[in-house]
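The values are calculated or read from the model by the stated rules, or taken from the named source; none is laboratory data. Computed from a predicted structure; not experimentally measured. Virtual Cβ from ideal backbone geometry, glycine too; neighbours counted across all protein chains shown. The area values use the complete protein model at the heavy-atom level, side chains included, leaving out ligands, DNA and RNA. Shrake-Rupley method; radii C 1.70, N 1.55, O 1.52, S 1.80 Å.
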Amino acid sequence: MNWKFRLTILLIVGLPAFSGYPITFFKAEVLAGITYGWVVYFLVANAVMLAVTGKRFFPNAIAIAALVAMPVVFVGAGVSYLIFLSGWTGATAPAVYSAHYVSLCITMLTVIPLALSMVAIIPFHDFERSLLKKSNGVCRIEKFALMFLRVFNHIVFFVIPNILETMREESRYKKWAESSLRSSSAGVLGGRLRLFTARFAGLIRNMIQVGVEGICSSIQFIPLWAVEISQLPDKSK
């Protein structure tokens, strides 16, 4: 299958997520916040993405979606619960906002991989090579497009995979550290509190590290690319 045909398949699969048809016809809930329509759509969409993008890209797309969904869903739910405990007038009860965050979670785990799959299928590398091989030079707009393609390809195919690999390595170390802490203070309330504190601090540290690493890695080559692209011959009039 060429990239246009695969992109068309993903666009068709993505229509229910944006239009709501026919997901909204199945309103019975499996649990609060998740309807049967969304469960079926989640399974079908992920199966199609796996078949279209392959086993190499699909796990990375799911990992990125989980990485984005975790702070939004869990931190948002935690803040809502703290506001409810504070007794603030007009605060939403957990029975109401819990369904919202559960629905948001399955939505993000469906839509984000779908959007990433659409982007990954488009051959941006080919577009970049075609601009560089033009014999009559490139115009200003094409230079802007070339810079965008350089940055985009770098983020998608270099920055994100490296961040995921770093997080995998850190997760192995974190499991070892938690097991050591748990064994050294088993059955002690203070040890459990230290373990919870360490987990929360590790989550915050990982979020900050991912953000800083993503920003720094994304912009580190921009000055070099700007000089290289500016030296390309201008398009002959």
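Tell me yes or no: at least one residue of the range 209-222 is at pLDDT 80 or above, on the phi < 0 side of the Ramachandran plot, surrounded by 14 or more Cβ atoms within 10 Å (Cβ to Cβ) and among the hydroxyl-bearing types (Ser, Thr, Tyr). Yes: one or more hits.
Does Leu114 count as in contact with a helix residue (DSSP H, G or I) (Cβ under 6 Å, 6 or more places away or on another chain) and modelled with pLDDT of 80 or more? For Leu114, the condition - in contact with a helix residue (DSSP H, G or I) (Cβ under 6 Å, 6 or more places away or on another chain) and modelled with pLDDT of 80 or more - is met.
Taking the criterion of being assigned to a helix (DSSP H, G or I) and open to solvent by less than 60 Å² (accessible area, probe 1.4 Å), the residues of the range 223-237 that qualify are Trp225, Ala226, Ile229. So which of Pro71, Pro16, Pro59 ends up being in a helix (DSSP H, G or I) and either within 14 Å of Cys105 (Cβ to Cβ) or touching a residue at least 60 places away in the same chain (Cβ under 8 Å) (or both)? After applying the criteria, what remains is Pro71. When the range 123-150 is limited to residues that are open to solvent by 30 Å² or more (accessible area, probe 1.4 Å) and touching a Ser or Thr at 6+ places or on another chain (Cβ under 8 Å), the one that is modelled with the lowest pLDDT turns out to be Asn136.
Each residue in the range 2-13 was checked for being free of Cβ contacts under 8 Å to residues at least 12 places away in the same chain and either in a helix (DSSP H, G or I) or of a type in the set (Phe, Trp, Tyr) (or both), and 4 of them qualify. When residues in the range 31-56 are screened for being outside any helix (DSSP H, G or I), open to solvent by 30 Å² or more (accessible area, probe 1.4 Å) and under 22 Å from Arg6 (Cα atoms), 2 of them pass. Scanning the range 12-30 for residues that are open to solvent by 90 Å² or more (accessible area, probe 1.4 Å) and out of contact with any Leu (no Cβ under 9 Å at 6 or more places or on another chain) returns Ile12, Leu15, Phe18, Phe25, Phe26, Lys27, Glu29. The set of residues from the range 65-80 being open to solvent by 80 Å² or more (accessible area, probe 1.4 Å) and either modelled with pLDDT under 80 or under 10 Å from Tyr101 (Cα atoms) (or both) comprises just one member, Phe74.
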